[in-house]
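Everything below concerns the one structure shown next.
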Amino acid sequence: MNRFAFIIHPLDCSDVARKFHFARYMPDALLERTLKILPPVKISPITGIQSPSAATEGFFVSCLLTARQMMSLPTPFVLNKIIQTARLAEKLGAQVVGLGAFTKVIGDAGITIAKNLNIPVTTGNSYTVATTLEGAKKAAILMGHDLKKARIVVVGATGSIGSVCALSLARDVNHLTLIGRNEAKLHVLADRILFETGLAANVTSNIKSILRTADLVITVTSSADAIIEPEDLKAGAVICDVARPRDVSRRVVEKRDDVLVIEGGLVEVPGDVNFNFNFGFPPRTAYACMAETMILALEGRLESYTLGRDLTLKQVEEMHKLGRKHGFKLAGWRSFEKPVTEEEIHRIRQKAMIKVS
């Protein structure tokens, strides 16, 4: 049986307080200073993962830096903390390690981390993209959109994830617009899409006017601030936010009950799985990036599968097939840390229909 590990970290100080009682009595500033000097820790074992052809087990290890610290502290310092965490996983017997949350975006997206280990590393982005697209298309259909007629927009289309999303979507849609800051790069991508799929994609850097016509938006920029606000969207739109930090302002879900914001698909893990850690998910449910690490262990593909910022459609499609082979499937959606049910999607659709009627 191959074993894996997955690196997590607290998003903020309240996450630390939920796991460690001493943190409840510390001011945030003092707690963050303490976290800087604490070593990585093993959080919990993961047991019971069973596909039709293999089994695996693993554990969560934590790099005890908050998201704010990871983005604000010097990159070499943060990378060293992540490498220390991965080396703990290695000592505990992991044969492949996955990078979670902000650990996958620091520096060169895992390449330096992998060079400092004796076991392979993956960011999980291949399966994240595969399930994100699957979930976004399913959500759009539930919202009443016909993908062949719908207007699809990819924001941040020249990035590694954005370009793969655009290439994949171009096979299923007739109206695709690519948005990015560098129009020359957008035209190169549009030419590639035309060559590979026959679809003539539109290109623009004017995000505001295009969003007001979009039925489905995939957004994955590297912006430090939200770029999509409530007034930018048409009633009935579906916005799938793959970016971290988020591209979609929280005001959208607070002010617009006629649009659907999702963060990609959750994955149902095969077997009688016990994570021994509460993410607030239903039983047997995990992030897709976690699932990619599990799939690699189940398949015996002990390799650095998704590293760096060069992601290919071939990787995405292969990981999607391997996920299906081992019994992983889409489990639902989330929006700003909360689950989104099909019943809620139906209510949003009804409100959108009332608004446009």
TODO: For region 1-44, name all the residues that are open to solvent by 60 Å² or more (accessible area, probe 1.4 Å) and either basic (Lys, Arg) or closer than 30 Å to Glu303 by Cα (or both).
DONE: Met1, Arg3, Leu11, Arg18, Lys19, Arg24, Arg33, Lys36, Pro39, Lys42
TODO: Kindly check whether there is at least one residue in region 82-93 that is within 30 Å of Gly198 (Cβ to Cβ), crowded, with 21+ Cβ neighbours inside 10 Å and of a type in the set (S, T, N, Q).
DONE: no
TODO: Look at region 52-63 and say how many of its residues are open to solvent by 10 Å² or more (accessible area, probe 1.4 Å) and touching a His at 6+ places or on another chain (Cβ under 9 Å).
DONE: 3
Open item on the list: Which pairs turn up if I take residues in region 301-322 that are over 11 Å from Ser126 (Cα atoms) and look for partners that are of a type in the set (A, V, I, L, M) and open to solvent by 40 Å² or more (accessible area, probe 1.4 Å) with beta carbon separation below 8 Å, at least 6 apart in sequence or on another chain?
Closed with: Gly308/Ile111
- [ ] For Ala352, state whether it is under 18 Å from Thr128 (Cβ atoms) and not in a loop (DSSP other than H, G, I, E, B).
- [x] no
Task: Of residues in region 285-300 being surrounded by fewer than 24 Cβ atoms within 10 Å (Cβ to Cβ), touching a residue at least 24 places away in the same chain (Cβ under 8 Å) and not in a helix (DSSP H, G or I), the one nearest to the chain's Cα centre (by Cα) - done: Thr285
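The values are calculated or read from the model by the stated rules, or taken from the named source; none is laboratory data. All of these numbers come straight from a predicted model, not from anything done at the bench. Virtual Cβ from ideal backbone geometry, glycine too; neighbours counted across all protein chains shown. Side chains are part of the model used for accessible areas, which takes the heavy atoms of the whole protein and leaves out ligands, DNA and RNA. Shrake-Rupley method; radii C 1.70, N 1.55, O 1.52, S 1.80 Å.
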